[in-house]
1. Residues that are within 11 Å of ligand 1 (Cβ to nearest atom): find the helices (runs of 4 or more DSSP H) completely inside segment 390-490 holding 3 or more of those.
2. Somewhere in segment 582-594, is a residue in a loop (DSSP other than H, G, I, E, B), touching a His at 6+ places or on another chain (Cβ under 7 Å), within 16 Å of ligand 3 (Cβ to nearest atom) and not β-branched (Val, Ile, Thr)?
3. How about segment 49-58: which of its residues are within 16 Å of ligand 2 (Cβ to nearest atom) and in a helix (DSSP H, G or I)?
4. Restricted to segment 701-731, and to residues that are of a type in the set (S, T, N, Q) and farther than 14 Å from LEU682 by Cα, which residue is farthest from ligand 4 (Cβ to nearest atom)?
5. Test ALA336 against the stated conditions and say whether it is closer than 26 Å to SER594 by Cβ and not in a helix (DSSP H, G or I).
6. Considering every residue within segment 555-562, establish whether at least one is touching a Leu at 6+ places or on another chain (Cβ under 7 Å), buried (at least 21 other Cβ atoms within 10 Å of the Cβ), in a helix (DSSP H, G or I) and not small (Gly, Ala, Ser).
7. Restricting to helices (runs of 4 or more DSSP H) lying wholly in segment 131-236: which have 3 or more residues that are within 16 Å of ligand 3 (Cβ to nearest atom)?
8. If you scan segment 367-389, which residues turn out to be within 16 Å of ligand 1 (Cβ to nearest atom) and either at pLDDT below 95 or not acidic (Asp, Glu) (or both)?
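The values are calculated or read from the model by the stated rules, or taken from the named source; none is laboratory data. Predicted, not measured: the structure shown is a model, and the values here were computed from it. In this analysis, Cβ positions are derived from the backbone assuming ideal geometry, glycine residues included, and neighbour counts consider all displayed protein chains.
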Amino acid sequence: MPDSHYRICPLCEACCGLEVKTAGAKVIAIRGAEKDVFSHGYLCPKGVSLKDLHEDPDRLRTPLIKRDGVFVEATWDEAFAEIERRLLPLRERHGADAVALTIGNPAAHKVSLLAYTPRLVKSLATRNVMSASTLDQMPKQLSSALMFGHWLSIPLPDIERCDVLLILGGNPMVSNGSLWTVPDYRGKAKAMRARGGRIVVVDPRRSETAAAADEHLPIRPGADALLLAGIAHTLFDEGLVNLGRLAEHVNGLDDARAAVQPFAPEVTAAGCGIPAETQRRLARELAEAKRAAVYGRIGTCTTRFGTVNSWLVDLINVLTGHLDREGGAMFAKAAAFAPNTQGQPGRGKGVTTGRRKSRVSGAPEIYGELPITVLAEEIETPGDGQVKALITIASNPVLSAPGGPRLAKALEGLDFMLSLDIYVNETTRHADVILPGLSPLEDLHFDVAFPQLSHRNHARFSGPVFDAAPGTPQEWQTILKLCALLEGRGLGVDVQQLDDEAIASDVRRFAGDQTPAILAALDPWRGPERLIDLQLRVGPYGDQFGRQPDGLTLKKVKAASTVDGGGVDLGALTPRIPEVLRTPSGKIELAPPSILADLAQVKAEPAPEFSLIGRRDTRSGNSWMHNLPILAKGPERCTLLVNPGDADRLGLAEFARVKSAVGELIARVERSADMSPGVVSLPHGWGHDLAGVQLGVARERPGVNMNALLDDAARDPLSGNAVLSGVAVEITAP
Ligand SMILES: Nc1nc2c(c(=O)[nH]1)N[C@H]1C(S)=C(S)[C@@H](COP(=O)(O)OP(=O)(O)OC[C@H]3O[C@@H](n4cnc5c(=O)[nH]c(N)nc54)[C@H](O)[C@@H]3O)O[C@H]1N2
Ligand SMILES: Nc1nc2c(c(=O)[nH]1)N[C@H]1C(S)=C(S)[C@@H](COP(=O)(O)OP(=O)(O)OC[C@H]3O[C@@H](n4cnc5c(=O)[nH]c(N)nc54)[C@H](O)[C@@H]3O)O[C@H]1N2
Ligand code: SF4
Ligand SMILES: [Mo]
């Protein structure tokens with residue numbers, strides 16, 4: 001009889017509960033956990049690939065040290081000694097800012113990394129902290145922070161009760177949702193339409209989500225601000241604004257009205273490619289619907305006006321009265337770790353940006369970070385504060401960030417590089433030391449980030465399916481050890497003692513003289529489990545250390561999270577305004593001045609002959625899942641989608657040359673009637689044929705790096721987010 005284990009999938013934001021069947025040390029099968037209170041048995045092919053990931057011979061299991069240009073296996077002690085020997089003197093000599101840190105996407109999916117990386121950031125005390133957030137969602141975080149007071153107060157569609165859903169720049173049918181944890185979007189969209197709901201998708205490509213919707217509007221890449229401002233204009237113009245319950249909770253309505261005044265649909269239509277009549281109809285439809293939501297994702301964030309777009313989305317949600325209402329755009333209330341459930345309800349400090357600037361191009365700090373696209377210039381440019389060393393945590397910017405080839409060259413110039421990673425890939429091949437993480441099946445899991453973005457509230461936990469090899473540290477232990485090294489406490493330090501100190505200081509901050517009692521109550525948990533127990537217990541559903549005896553504890557969540565239990569369901573989303581707000585005014589700020597100033601810059605741009613956009617594939621996950629045989633099989637995925645009319649006109653056969661202002665490559669052509677004329681699409685995360693990459697399967701069909709075509713200087717100035725979409729390219733036969 002195989003054993004059954006419950007495991008939450010860490011591979012995308014849907015966070016599906018999986019049932020992993022094992023016999024001894026082998027995985028026999030992986031399927032969706034039917035009893036999971038949140039995902040109800042759903043999974044995608046990537047969930048199944050956890051077996052291949054676990055067994056991947058290329059996945060690192062021991063630390064590597066580069067000696068004479070070649071990686072050799074090392075013990076953990078040797079690796080830490082090498083870090084101490086090389087990194088500490090560098091930092092001593094050149095200062096804390098000389099060490100940069102990049103944090104990648106998987107860090108958001110691991111409690112070990114998400115909960116402990118902030119400790120490393122503190123120990124490093126460098127201004128050069130950068131993450132995949134500035135390749136992704138920083139515009140949405142900034143607009144939410146300015147409107148609602150916290151970076152993680154992000155409204156999301158309550159799809160199960162919604163009547164009209166407008167999606168811009170998201171393809172949840174393939175991505176499984178982002179800033180919107182919604183396993184089985186497909187099933188939920190189908191159910192919505194079956195009960196008479198309508199889904200409209202705005203996307204330059206007829207995406208899988210558009211194909212399954214009621215209406216597809218092919219917008220010009222990068223022009224969403226025009227469309228959204230046209231809709232907002234119409235709401236004011238036609239007297240459709242109806243704030244309902246929110247009327248007493250907003251500031252800046254008149255300023256918002258004045259700001260969108262110049263954007264009549266009749267003016268914006270030419271620039272965005274959506275007819276004025278359609279813009280006006282969408283405005284009416286949203287205003288008249290009983291329950292509706294507007295949702296914008298990657299395609300709206302990764303453009304020059306990412307923050308403006310993200311703000312307009314929620315401005316429309318407010319103006320139509322659908323924000324924070326059942327079936328509209330709502331806020332989750334997470335059981336643990338959610339800053340918007342902590343502190344004084346309804347009021348807060350708001351946010352500040354630009355507390356520091358990047359040294360070379362003066363890009364402002366946002367949410368404690370600098371844009372990851374400044375990394376290459378910070379390494380290349382001599383002077384005080386030049387980056388001499390780099391630590392990467394689960395991050396592959398050589399493939400995931402614009403200007404990959406430039407960055408790869410810059411990394412060669414570093415004096416020292418350390419990677420916490422599980423592969424020798426395009427980025428980590430440049431490292432001097434690599435410290436491996438665990439297979440997800442050897443790691444425990446609790447979602448720290450995604451319950452704050454879930455379409456329904458829940459609390460789930462999964463333990464390790466297998467034991468890690470003896471002597472292999474968990475990643476939180478590796479991080480704490482690095483912290484100790486940086487703080488000059490040497491190699492002999494006891495990691496458990498470090499963890500005890502860290503949690504004691506966390507607890508002391510809010511508990512004062514109650515600290516010893518709370519620490520005693522958290523016994524016997526250690527490491528991330530102790531943090532989870534603490535956060536659950538002080539959280540909005542928690543037992544408050546005995547004051548709410550029926551409330552949640554880790555023990556209860558664990559007991560409910562088995563193959564037969566599948567977690568704790570905490571119910572459908574409920575209205576949270578004003579309690580969720582953390583703005584200094586205690587109101588929703590509808591007209592943040594920095595955003596209004598940038599909106600004034602929005603105008604119709606002349607269309608280039610070709611615009612390049614990205615896309616995702618069901619069997620791929622950013623840059624690092626291409627080495628898993630179950631995902632890698634099947635047709636080639638790194639293809640350039642070209643409208644057939646364009647392909648004929650250009651005489652394209654198998655391949656095309658794609659040239660931008662900064663780079664050039666030859667891509668395999670796939671003709672697709674889903675593409676608008678003048679728009680081509682390449683997926684990101686490919687280009688595995690670089691020297692030194694140890695990815696045997698991925699190397700067989702390496703694909704090309706679309707980020708070699710993108711300019712690392714192109715950013716949304718407000719959020720620092722990279723421009724990844726709507727980039728002008730020339731297409732020719734090779
Ligand atoms: N052109 C273009 N570029 C894009 C995008 C786009 O749409 N278009 N999308 C952007 C987005 S949204 C994102 S989030 C970024 C992602 O960009 P990154 O976060 O830089 O890249 P990933 O491809 O997710 O790489 C993850 C890294 O983590 C490692 N890893 C995996 N699991 C673990 C683990 O458990 N522990 C450790 N220590 N390491 C692990 C992998 O080996 C890999 O090196 O890409 C961005 N780049
Ligand atoms: N299978 C799979 N799933 C994933 C990932 C993956 O790599 N593979 N990555 C994960 C990550 S890190 C993230 S952040 C999420 C992202 O999740 P989504 O935001 O859903 O991302 P995409 O699937 O890239 O969809 C973006 C859509 O925007 C469109 N688009 C491009 N430019 C524009 C524009 O200017 N305007 C408009 N309106 N649309 C535009 C594209 O054609 C595309 O259909 O997916 C996650 N899930
Ligand atoms: S949809 Fe996402 S969370 Fe669910 S199985 Fe697939 S990769 Fe894992
Ligand atoms: Mo992402």
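1. Because the criterion is at least 3 residues that are within 11 Å of ligand 1 (Cβ to nearest atom), the helices (runs of 4 or more DSSP H) in segment 390-490 that meet it are 397-400, 475-486.
2. no
3. Just the residues of segment 49-58 that are within 16 Å of ligand 2 (Cβ to nearest atom), to begin with: 49-50, 52-53.
Within segment 49-58, LEU50, ASP52, LEU53 qualify.
4. Restricting to residues being of a type in the set (S, T, N, Q) and farther than 14 Å from LEU682 by Cα, the top hit is SER719.
5. Criteria not met by ALA336.
6. Scanning segment 555-562 turns up at least one residue that is touching a Leu at 6+ places or on another chain (Cβ under 7 Å), buried (at least 21 other Cβ atoms within 10 Å of the Cβ), in a helix (DSSP H, G or I) and not small (Gly, Ala, Ser).
7. Numbers: elements: 138-148, 172-175, 185-194, 208-211.
Filter on segment 131-236 gives 172-175, 185-194.
8. Taking segment 367-389 first, the residues within 16 Å of ligand 1 (Cβ to nearest atom) are 367, 369-376.
Listed by number, the residues that qualify are TYR367, LEU370, PRO371, ILE372, THR373, VAL374, LEU375, ALA376.
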